[in-house]
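Student: I have a structure I would like to understand better, so I am pasting it below and will then ask my questions one at a time.
The values are calculated or read from the model by the stated rules, or taken from the named source; none is laboratory data. Everything quoted here is computed from the prediction, not taken from an experiment. Positions of Cβ are generated from backbone atoms using ideal geometry, with glycine treated the same way; all protein chains shown enter the neighbour counts.
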Amino acid sequence: MAETELNSDKFIKHHLQNLTFGKCSDGKWRFADGHINIGSGQELRAENKAYTCNPKEMGFNAVHVDTMVMSFLLGGIFCLCFWLVARKASVHKPSRMQNAVEYAFDFVRGVVKDNFEPKGNKLVGPMALTIVCWVFLMNLMDLLPVDLVPWIANGFQSSLTYGPIHYFKVLPIADINAPVGMAIGVAILIHYYSIKNKGLGGFLAELTFQPLGKWAMPFNMLIEIPGFYAKQIALGLRLYGNLFAGEMIFILIALLFGGLFESLYGAVLGLFGILLHLAWAIFHVLIIALQAYVFMILTVVFLNQAHETHH
């Protein structure tokens, strides 16, 4: 990625690539080839060879550094904001931030109350609040210009040509590992509460004896087992698909800015791109909020089903 100019195809591929760090075939952990710059010219190639390796060598032991950094950073911001509000909460003179947090709390509490029937579970409410706030913050990164955070991460240098970090995806949800990882966490809780409340026999009976009784067990399994796990897989894929599509549109719109200062035609096209970017961003705000809400409410509904017992 040392070219001074990128065509459309390379530009899109560049912004869809995660910064990868993983375990190489020699047992050492390094960055993937071409993901970082050390030095320049011949020195660059010689030094990079000691700090990088082919990403194919990493296999499962590959970590998307940008996804991890942005996820933990946004999770930390969420926790810090709520802690500061709780620390300075006032009954008589609440701040605007306190009002916003209380509104989010009341909203989530209402959703949980309407969709989660079992009482006494102290995990579901806080988890639902964490999900909707954390996912919303991660989704919100899609509204930032695609090159803004990579530019900052590279010390205010372009990552496309000479920045020390070549790749940095600012939107964690556009990396399938993040939403699917959250969905796996929800799936573990679904299995835990299903077995805890129904017993292992009752849980397996739901997957084998319904809806037509034990005499139709093979047919029941063909219906229930794929449906049961498809819902949990779709929980992560739905979030990933919607945000990945939104990011792709922003990247395609960004291509219109290439000739903004080069010619009159480029300036007109660039100004059209700016207007298009603003229009899509305004519409995308609805998608960002909706997808955070959908992930949260489906999690609550699935956990409610895990508590239901059938006689």
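Student: The conditions are (1) on the phi > 0 side of the Ramachandran plot; (2) assigned to a helix (DSSP H, G or I), and Gly120 fails exactly one of them. Which is it?
Tutor: Of the numbered conditions (1) on the phi > 0 side of the Ramachandran plot; (2) assigned to a helix (DSSP H, G or I), the odd one out for Gly120 is (2).
Student: Let me ask another. Taking the stretch 172-205 as the region of interest, how many residues are at pLDDT below 90 and either touching a Ser or Thr at 6+ places or on another chain (Cβ under 8 Å) or closer than 22 Å to Gly75 by Cβ (or both)?
Tutor: 4
The rows are residues; the columns are (1) polar (S, T, N, Q); (2) under 13 Å from Leu235 (Cβ atoms).
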site	(1), (2)
Asn177	yes, no
Gly181	no, yes
Ile188	no, yes
Ile195	no, no
Leu204	no, no
Phe209	no, no
Trp215	no, no
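Student: For the condition touching a residue at least 12 places away in the same chain (Cβ under 8 Å) and either touching a strand residue (DSSP E or B) at 6+ places or on another chain (Cβ under 8 Å) or under 30 Å from Met127 (Cα atoms) (or both), what is the one hit in Ile173, Ile188?
Tutor: Ile173
Student: Here's something else I'd like to know. Would you say Leu222 is surrounded by fewer than 16 Cβ atoms within 10 Å (Cβ to Cβ) and farther than 30 Å from Ala153 by Cα?
Tutor: For Leu222, the condition - surrounded by fewer than 16 Cβ atoms within 10 Å (Cβ to Cβ) and farther than 30 Å from Ala153 by Cα - is met.
Student: Still on this structure, please answer the following. Residues of the stretch 176-220 being in a helix (DSSP H, G or I), of a type in the set (Val, Ile, Thr) and under 30 Å from Val132 (Cβ atoms), which ones?
Tutor: Val180, Ile184, Val186, Ile188, Ile190, Ile195, listed by residue number.
Student: Pairs under 9 Å by beta carbon, first residue within 18 Å of Thr309 (Cα to Cα) in the stretch 210-224, partner acidic (Asp, Glu), six or more apart or different chains?
Tutor: Matching pairs, first to second residue: Gln210/Glu224; Pro211/Glu224; Glu224/Glu206.
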